[in-house]
Each structure stands twice: as structure tokens, then as C-alpha cells.
Amino acid sequence: MSRSCVLGFNVPSIFIFGDSIFDAGNNHYNKNCTAQADFPPYGSNFFHRPTGRFTNGRTVADFVSEFIGIPIQRPFLEAQLELVNGSRKEYPANGINFASAGSGVLRPTNQDMGVTPLEDQLQQFKTLVQQNHINKAQIQQSLFFFESGSNDIFSYFYPFDAPTLTPDAYVLAMLNQVRNFVDQICKLGGRRIALFSLGPVGCVPARTLLPSAPVNKCYGKMNKMVKNYNVGLESLAKKIPTKYPGSFAVYGAVYKTVQIFRANPARYGFSDVTNACCGDGTLGGLLQCGKEGYKLCAKPNEYLFWDYFHPSEHTYKLISKALWTGSHTRIRPVNLKTLANMTLIQN
């Protein structure tokens, strides 16, 4: 694969793992999966058609690719299908998106919906490496993006499925899975890894689906678990350079960034930071966008939330800028622009 050095950034490709925050259409190509956004009005404000992304436009992975100057990554299942039917000779040189909406870091999370859990996403990547579709040099030059855990934590609060673990034990089980994932990526030769924190999941409009959640404020118990998980995630990121010399990780403080938008909406171009632009019922949180009976707001990019779970493109754009050029409060120890410029010593 040719090394592209666009705009002076030393990044030919990005490999993306996680859930609906990153999913660019994998679930659409998985016919057994019921977690879908492949219908209008998803995608309506940028792509002007549904792509399988769970927002009205681009995601953080899309924006960061634009900042670097490489094309946005295709979903793995789409690229795989094109190889099988002969319309593509090799996997894209700009990276691959393995993320699956609804998935978690724990295998049982939303398993009944046919999602692809983190472990299986990792296996899909490993298989491509083993089959020499992705070579060692490319892995060493690429960025690796990870964001997952919201679905694990949200499902912990489902009323019909009483959890067997305490909140702390559950978060520890989640972090063990993430540690295993990061270990494997580093062992395969991953050098530059970005671990993105969860946002304030307890503030999503879909909390109204949970009998125990308050409507007039965020769900404190849920956000407490999120914050614990985020602390553990940052601690994982800090340990990587010591554990894997030659590798480096950054921690994106998305939770903090979103709380700053919520505390000062007008400054960031928001007129609404509590309701879903697209949905129905209390907070717009009782119905998925695009399903029968949904309502759509007039100005989606003035809303923090596009649908009952997911940010709008405007929110994603602001988060992307904070991660790309932000200070230590937004991403640490360095931002993504610095990470993209780094040349790490080849072992």
C-alpha cells in the first residue's frame, strides 16, 4: 500500500472500533441486525440520504479524516462484500470502520439485536492482518480509534433484566475487555491509539424509556458509572507507552466537552440541549427517529441530540474540533493533530 502523506500528516489510514457513535453502515450490511439507521431522515443534512450513520450527517471519525486529508472510512462489511463480488480488488488504503451500533465491550450487550461486539470487531481486523490484507507497516503508521461502553451501561439499567454485578464490578468487567482489546491492537503493531471517553449517557433523551430515570434532569446513577468507566479508560491510555514501548495513546475527554456545551448552549450554537430533534414523546426520547409517528425539528444542527441516543452533526463537529486542536482539558496528553504529526520509532 502506498504511503499517503497528505497535508503533512503522517497518517495513511484510520481503523475504527466501537458502537453507533462511529458506525458508518456496518449494521446495514448485517441482515440479522435490528439496530439500524438506514432510513430517512438519517443522513439528511450532509449525505442527503441514509448511510447507516446514526445522525443527520458526519461523525467524529468522518471529521477527523477530513482534517487529516484522507477519504472517510468505509464500513468493513461493505468493503468485504465488494471484494467478494469482485467490484473491489483490495481493502481500502485509508483504513476501515468496524464499529457496530448497539454493540458493547461486553459480549452479551444487545446480543439479541444481532450487533457485532467489540471482541468480534477485533477478530475481523485480526483476520485481515492474518490474510495479509493489511501489512505491518500500515498498522504502524495508522491511527486506531476506540469508543464503546454506552450500550453496556445503558442496558445495565433495563428494568426487565436485573444485573448480577454491582455497578463497580460491572465497570471493572467492561474495563477488562477494553484492556484486552488495547493489548491485542498493540501486539499487532498498533502505535497510535485514541481512546475516547463516553459522553454523559445519563443525559440522553432515551432515558425516558427507563422507569427509574428522572425526566427533568440527567440520570445521576448512570452518569456515575460512566465517569468511573472514563477514569479507568484514561488510566489504560496512560499505561500504554510503558507497557508497549513505541506505542502511544491519547484519551479524549468527550464527557467534559459535552458538559461544557450543555452549560453554555448559546455560545456553541445550540438552542436545545435536552430534547431529541427527531423522535416523539417525552424529550423526543420514546421513539426512534424515522419510525412511524416521528417528528422532526426545524433546525437539527441547533440541537445537541439528533435522536433519542445520538448527537447531531453540529455536536460531532464541535467534539471533533476539540479533539483535533483542543487543549489538555479536552484531550491528553496531546491532541489528535499532534498525534497525527507524530513519527514513532519503528521497532
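The values are calculated or read from the model by the stated rules, or taken from the named source; none is laboratory data. Computed from a predicted model, the values in this text were never measured in an experiment. Note: ideal-geometry Cβ built from the backbone for every residue, glycine included; neighbour counts use all protein chains shown. When the accessible area is computed, the model is the full protein with side chains, heavy atoms only, and any ligands, DNA or RNA have been set aside. Shrake-Rupley method; radii C 1.70, N 1.55, O 1.52, S 1.80 Å.
Could you estimate the translational diffusion coefficient of the stretch 130-199 from the Stokes-Einstein equation, with Rh from the Kirkwood formula over C-alpha pairs, at 10 °C and 1.306 mPa s, in whole µm²/s?
So the translational diffusion coefficient is about 112 µm²/s.
So what's the gap between the Cα centers of the stretch 204-250 and the stretch 107-176, to the nearest angstrom?
14
Among the listed pairs K89/K126; K256/K321; K31/K89; K238/K321; K187/K224; K227/K295, which have their C-alpha atoms separated by more than 26 angstrom in this model?
K187/K224; K227/K295
Out of the GluC sites (Glu not before Pro) in the stretch 85-181, which ones are loop residues according to DSSP with at most 14 other C-beta atoms within 10 Å?
E90
Please list 3J(HN,Hα) in residue order for the stretch 300-314, calculated via the Karplus relation 6.51 cos²θ - 1.76 cosθ + 1.60 where θ = phi - 60°; whole Hz, with x for glycine and proline.
Rounded to whole hertz, the list is x, 7, 9, 9, 5, 9, 7, 10, 5, 10, 10, x, 7, 4, 4.
Once the Cα atoms of helix 167-187 and of the chain are each reduced to a long axis, what angle between those two axes, in degrees from 0 to 90 to the nearest 10, is obtained?
20
Counting DSSP beta bridges in the stretch 14-341, what percent are antiparallel, to the nearest 5?
Once the DSSP bridges in the stretch 14-341 are tallied, antiparallel ones form about 20 percent.
Amide H neighbours of F305 under 5 Å, counting only residues 5+ apart in sequence or on other chains, H built in-plane at 1.01 Å?
It is C277, S312, by chain and number.
So what J values fall out for the stretch 117-123 if you push phi through Karplus, 6.51 cos²θ - 1.76 cosθ + 1.60 with θ = phi - 60°, rounded to Hz, Gly and Pro as x?
Here the 3J(HN,Hα) series is x, 3, 4, 6, 4, 4, 5 Hz.
Check each of the trypsin sites (Lys or Arg not before Pro) in the stretch 270-329 and keep only those in coil by DSSP with at most 14 other C-beta atoms within 10 angstrom; list them in order.
Those that pass, being in a loop and sparsely packed, are K291.
On a 0 to 90 degree scale, rounded to 10, what angle separates helix 220-243 from the longest Cα axis of the chain?
10
Given a 1.4 Å probe, how much area per residue of the stretch 127-251 is accessible, in Å²?
41
May I ask you to evaluate 6.51 cos²θ - 1.76 cosθ + 1.60, the Karplus curve with θ = phi - 60°, for each residue of the stretch 274-285 and list the ³J(HN,Hα) values in order in whole Hz, giving x for glycine and proline?
In residue order, the calculated couplings are 10, 9, 6, 5, 10, x, 6, x, 3, 6, x, x Hz.
What GluC sites (Glu not before Pro) does the stretch 290-347 have in DSSP loop regions with at most 12 other beta carbons within 10 Å?
Here the GluC sites (Glu not before Pro) that fit, given the DSSP loop and packing criteria, are E292.
Using a probe of 1.4 angstrom, how much of the accessible area of the chain is carbon and sulfur, in percent?
Answer for the chain is 54 percent, counting heavy atoms of protein chains only.
Based on the Cα atoms of the chain, what semi-axes does the equivalent ellipsoid have, where each is the square root of 5 times one gyration tensor eigenvalue, given in whole Å with the largest first?
Working through the eigenvalues yields semi-axes of 30, 22, 21 Å.
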